[in-house]
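My questions all concern the structure below.
The values are calculated or read from the model by the stated rules, or taken from the named source; none is laboratory data. As the structure is a computational prediction, the values presented were derived from the model and not from experiment. Cβ atoms come from the backbone with ideal geometry, glycine included; neighbour counts cover every protein chain shown.
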Amino acid sequence: MAKKKLSVQGLQIKIEEINAADYVSLTDIAKQSKASKPAYAILNWLRTQNTLLYLETWEQVHNPDFKVVQMHNFRLAAADNRANISPKTFIATTNAIGIISKPGKYGGTFAHSDIALEFCSWLSPAFKVYLYKEFKKLKEQEAQRQSLEWHISKITDNVDEIRNLLDTIPGQSSEKNRLNQPD
């Protein structure tokens, strides 16, 4: 799991790569809310009808093992303003993959980048704009780095092919076709 951080309006937000997808810390994002604890902001967001509908649709598109039938109970709970839906309960009950809950000091609630942006829309549309801008910048930097790595790999492959071709010329010594490198 590769770990990255974004700085958005002075707030450090962790991003972890899980199964080749970026998962953003909802706990870090929620720190900019007015809630006394970040977990309360996440709990309040999880119990809204629109959030549950979005999560259900996202999971149906991305998760063939999602337990759709279980969503009915969550929608009923959301209608009761006293109900709390925790990320752990949601994940365990529905077999969700879009949200991950990690225990411990460096844990928290992480969500797929699509879901994290939806959380930002609910929490602070203005913050979403800044988060999206920084996330996009991070992805562009990663693409440039991967492109550079690919080009270096191609150049190295070409150099090796030329060396191998030179080695086939009669009378050539393979040592002459290599750089002298100290031991």
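Just one of the numbered conditions (1) over 21 Å from S121 (Cβ atoms); (2) buried (at least 20 other Cβ atoms within 10 Å of the Cβ) is not true of E17; which one?
Unmet for E17, out of (1) over 21 Å from S121 (Cβ atoms); (2) buried (at least 20 other Cβ atoms within 10 Å of the Cβ): (2).
For region 5-89, which helices (runs of 4 or more DSSP H) that fit wholly inside it have 3 or more residues that are among the β-branched types (V, I, T) and in contact (Cβ under 8 Å) with a residue 40 or more places away in the chain?
Numbers: elements: 26-30, 38-46, 49-62, 71-79.
Passing ranges: none, list empty.
Can I ask one more? Quick check: anything in region 93-104 in a helix (DSSP H, G or I) and at pLDDT 90 or above? I'd like the intermediate steps shown before the answer.
Filtering region 93-104 down to residues in a helix (DSSP H, G or I) leaves 93-94.
Remaining after also requiring at pLDDT 90 or above: 93-94.
Yes, that holds for at least one residue.
Another question, then. Residue by residue through region 57-69, note down the ones that are surrounded by 16 or more Cβ atoms within 10 Å (Cβ to Cβ) and out of contact with any Phe, Trp or Tyr (no Cβ under 8 Å at 6 or more places or on another chain).
Residues satisfying the conditions are W58, F66.
Same structure, new question: Looking only at residues that are of a type in the set (G, A, S) and modelled with pLDDT of 90 or more in region 22-36, which one is farthest from P125 (Cα to Cα)?
Filtering region 22-36 for residues that are of a type in the set (G, A, S) and modelled with pLDDT of 90 or more, the one farthest from P125 (Cα to Cα) comes out as S25.
Let's see how each residue does on (1) in contact with a Ser or Thr (Cβ under 9 Å, 6 or more places away or on another chain); (2) farther than 20 Å from L131 by Cβ:
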position: Y23; (1), (2): yes, no
position: K34; (1), (2): no, no
position: W58; (1), (2): no, no
position: P87; (1), (2): yes, no
position: I91; (1), (2): yes, yes
position: G104; (1), (2): no, yes
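Consider A79 carefully, then state whether it is surrounded by 13 or more Cβ atoms within 10 Å (Cβ to Cβ) and either in contact with a Leu (Cβ under 9 Å, 6 or more places away or on another chain) or farther than 21 Å from S124 by Cβ (or both). Walk me through it before giving the result.
Working: surrounded by 13 or more Cβ atoms within 10 Å (Cβ to Cβ): no; either in contact with a Leu (Cβ under 9 Å, 6 or more places away or on another chain) or farther than 21 Å from S124 by Cβ (or both): yes.
Here the answer is no, as A79 does not meet what is asked.
What pairs come up if the first residue lies in region 118-137 and is within 17 Å of I42 (Cα to Cα), the second is among the basic types (K, R), and their beta carbons are under 7 Å apart, counting only those six or more places apart or on different chains?
C120/K128; S121/K128
Another one. Among the β-branched types (V, I, T) and under 25 Å from E134 (Cα atoms): is that true of T51 in this structure?
So T51 fits the description; yes.
Could you count how many residues in region 74-123 are over 19 Å from the mean Cα position of the chain (by Cα), under 25 Å from K3 (Cα atoms) and among the polar types (S, T, N, Q)?
The total comes to 1.
Quick one: count up the residues across region 105-145 that are in contact with a Lys or Arg (Cβ under 7 Å, 6 or more places away or on another chain) and either modelled with pLDDT under 85 or over 19 Å from I18 (Cα atoms) (or both).
The total comes to 3.
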